[in-house]
Structure formats: C-alpha cells, structure tokens
Amino acid sequence: MVTSLVSRRVLFAAAAVIVFTGVAAAHHGWSWTDEETFELTGTIQEVFIGNPHAVLSVEADDGLWTVELAPPDRTRASGFDENAAAVGDEVTAIGNRSSDHNELRMKAVQLVVNGTTYDIYPDRLPADS
Amino acid sequence: MPSWLGDWLQALGASPLAAFLRDSTVGYATLNGLHILAIGLVIGSIASLDLRVLGLFRSVPLAALAQPLSRVAGVGVLLAIATGFMLFSVRPLAYAGNPAFVTKISLVALGVVNALILRGNRQWRFALTGEPPHFSVRLAALLSLVIWTGAVLAGRWIGFLQ
C-alpha cells in the first residue's frame, strides 16, 4: 500500500480533530449522569457555595448524597446563596443522578427549599416544571 | 485526624485569601491555570531528564541537560506547591478527607524525596561526567517517571471524588 506523505498527514490531522471534538463534547457537567430527570428529597447536612462549584450534602432515606450545583457565580445568580438554606433544612433537588447507581451523587438543575424554587440551570429544567 | 490539625485546617479555610478564592471566578480560575502550568513545567522537564538517564537521546550529553531541566522542574514544583496550597485553602477539610488528594500529596512528597536522594547519590555525579548511569541512577529515573505520572493522575481524580 502506497500512501503519500501529504495524505497521511491529512488523515492524522482529521483523526486528531475528531478525537479532540469527541473528548471536548464529553467534558461537560452531565457526562457522568443518567439522562432521565431524578428527584431527591432529604435534609441538608452541609452547604458549600464556592469554587470550583457549589455543593450540598443531603441525608436521604438511602444515605448521604452529594448534590452538585454550579460554579458560585451561576449558583448565586439563581438566588441560591448562603442565606437560602441552612443545615437541617429539607430540600428537594431536581436534576440527574450519577449513571453509577451505587454512587449517591447527582447534579441539580433546580432546588426547592424553604418554599422557594431556585433554577440553577434554567435551560435544563424538566419539561413540566 | 488529630484535633489540632482539624482546627488549623478550619482556620485556614476561614482565612481572607480562602474566602476570596471561594468567591472569585477570575482569581480561582487563574490560580488553577497557574497550578496546571506549573505541573506542565515539572512533567515536561522531569520526563525529558528521566528519559535521557534511561537511554533516550544519547547524542546529547547528560551534563548538558541536567542543570536546565532540574532547575525548570524545581521551579515548577515550588510554583505547584504554592498555587496548590492556595487552592487547597478553599475547602481544606473536604480536600484533606479526599483519598485522591491525599494520594497526590503523598506521591509529590515521594517524588521530591526521590529527587533529593538522587542528588546526594555520588553515582549521579559520575553519570554527569559521561559514565553510563549506574543502576541506582536509572532506578531513580524510572521511579521518578512513575511517581510524577501517578501524582498527575491522582490530582485529576480529586474532582471526581469530591
């Protein structure tokens, strides 16, 4: 098989672009989650609003969950700041759970706590909300 | 964890710098970027030097590579530790309990110790004169590659276990 130097370089470049694009597309906040919407209700054990992203620890029936929110700017923009919730408050988190169901971790797109709804990712809310 | 350590970590997390980095997107992202840059300096220089010791690029005398690459690596390690400490301060107790973080720190310590032992090894000085590197020198180079690679991979896992 004879391949000229030029066409081999083009092939390599094309392959690199495809691989890179695939990797880049996979690298966003939901690549590790289920697609279906998931809802978790529990009691807040910890609130962290800071870099690299905000997170809640929530005690539910089946154990202690990690509920990932957004980077601090975006989290606060939804209205969910340090005053929104405290340890001991009940929270409902709507979002997507880890596709490994042994892992008690989810990404929240919406939070309901103390009667207020916070849209963390307004463009990712489930259809009926 | 001993209570004095827990208290100290708590105090670190309450420091003004930590509070600033928690809230500042630009500050945190810049610091994170510098941390990654530092890691790049370490890996690029250390891998090149280790590979030379292990027999690649034999047309280049080891003595020509050793000083510049060691220095770049040293600066990289210092910068990585400084930026890493500041990143750590954002949530010290959580990171201290993160197995990936503890693994990474342990591997970084091992990497530094390995480098210091090599510096004190007189076989290293013989190697710099152009002698084929002694087994202990080549072993140190191989360990260096494995340890620093492990540290980078462990570091990447921190976010996934947090």
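The values are calculated or read from the model by the stated rules, or taken from the named source; none is laboratory data. Because the structure is a prediction, the values reported are computed rather than measured. All Cβ positions, glycine included, derive from the backbone under ideal geometry; neighbour counts span all protein chains shown. Surface accessibility is based on the protein's heavy atoms, side chains included, excluding ligands, DNA and RNA. Shrake-Rupley method; radii C 1.70, N 1.55, O 1.52, S 1.80 Å.
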Karplus-derived HN-Hα couplings along the range A:41-46 (A = 6.51, B = -1.76, C = 1.60, θ = phi - 60°), whole Hz, x at Gly and Pro: 10, x, 10, 6, 9, 7
Helical mean residue ellipticity (222 nm; -39500 (n - 2.57) per DSSP H run of 4+; nearest 500) of chain A: -7000 deg cm²/dmol
Dipole axis of the protein assembly as shown (+1 Lys, Arg; -1 Asp, Glu on Cβ), positive-most option in B:LEU139, A:LEU69, B:LEU93: B:LEU139
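Arrange the residues B:ASP7, A:ASP81, A:ASP61 by how much accessible surface each exposes, largest first, with a 1.4 angstrom probe.
A:ASP61, B:ASP7, A:ASP81
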Solvent-accessible area of B:ASP23 with every protein chain in place, 1.4 Å probe, in Å² to the nearest 10: 70
Gaussian network model of chain B, springs between alpha carbon atoms under 10 Å - residue of B:ARG52, B:ARG125, B:ARG138 with greatest fluctuation: B:ARG125
B:ARG91 long-range amide H proximity, modeled H, under 5 Å: none
Heavy-atom accessible area per residue - the range B:3-144, 1.4 Å, Å²: 56
The protein assembly as shown, accessible surface, carbon-and-sulfur percent (1.4 angstrom probe): 65
Listed residues A:GLY88, A:GLY79, A:GLY115, most fluctuating in chain A (Gaussian network, C-alpha, under 10 Å): A:GLY115
Heavy-atom accessible area ranking, 1.4 Å probe, most first, across B:PHE135, B:PHE126: B:PHE135, B:PHE126
Solvent-accessible surface (1.4 angstrom probe) belonging to B:SER45, in square angstrom, nearest 10: 10
Neighbour cut-off at most 14 other Cβ (10 Å), DSSP loop, GluC sites (Glu not before Pro), the range A:34-109: A:GLU35, A:GLU36, A:GLU82, A:GLU103
